[in-house]
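*Asks:* Handing you a structure now.
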Amino acid sequence: MKTIASLAIPVQPDVWVFRIVVLVLGLVVLGAIIGGVLLKLQGEDVPEFVIAIGSAAGGALTGLLAPSPLGRHKF
């Protein structure tokens, strides 16, 4: 009888998906910043959804690029 571990297919990480996600989130953050600045230069108020989208994308980007705490245990 085969074990479940022997039937498992090893998963290989796809770095291109990670790169695309980081690129898109970075573009969203830059778009929110540039859009907010352009709106302020025209004398208009920046809509709250622009601030919210930029903040959410920045937080997601920070979470993706932060180093993993695994493997940092010093005993």
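Just so it is clear, none of the values below were taken in a lab; they were calculated from the coordinates. Values in this document were obtained by computation on a predicted structure and should not be read as measured data. Cβ atoms come from the backbone with ideal geometry, glycine included; neighbour counts cover every protein chain shown.
*Asks:* So what are the ³J(HN,Hα) numbers for segment 52-67, from phi and the Karplus equation (6.51, -1.76, 1.60; θ = phi - 60°), rounded to whole Hz, Gly and Pro as x?
*Replies:* 5, 5, x, 5, 5, 5, x, x, 5, 5, 5, x, 6, 8, 5, x
*Asks:* Let me ask something additional. Projected onto the charge dipole of segment 10-75 (+1 at Lys/Arg Cβ, -1 at Asp/Glu Cβ, origin at the Cα centre), which of V22, L65, S55 gives the Cα projection farthest towards the positive end?
*Replies:* L65
*Asks:* Between I4 and S68, with labels modelled 7 Å along Cα→Cβ, what's the label distance in nm to one decimal, could you check?
*Replies:* With each label point 7 Å from Cα toward Cβ, the separation is 2.1 nm.
*Asks:* List the trypsin sites (Lys or Arg not before Pro) within segment 13-75 that DSSP assigns to loop and that have no more than 14 neighbouring Cβ atoms inside 10 Å.
*Replies:* Hits after loop and neighbour filter: R72, K74.
*Asks:* Please tell me the relative contact order of the chain in percent, rounded to the nearest whole number, where contacts are Cα pairs under 8 Å and at least six residues apart.
*Replies:* 32
*Asks:* Please list log₁₀ I(q)/I(0) at q = 0.15, 0.22, 0.30, 0.32 Å⁻¹ for segment 16-64, using the Debye equation with identical point scatterers on the alpha-carbon positions.
*Replies:* Here the Debye-derived log intensity ratios amount to -0.41, -0.72, -1.04, -1.11.
*Asks:* Hey, what number do you get for the chain at 222 nm if only DSSP H runs of n ≥ 4 count, each worth -39500 (n - 2.57), divided across all residues, to the nearest 500?
*Replies:* Roughly -21500 deg cm²/dmol at 222 nm, from the helical runs in the chain.
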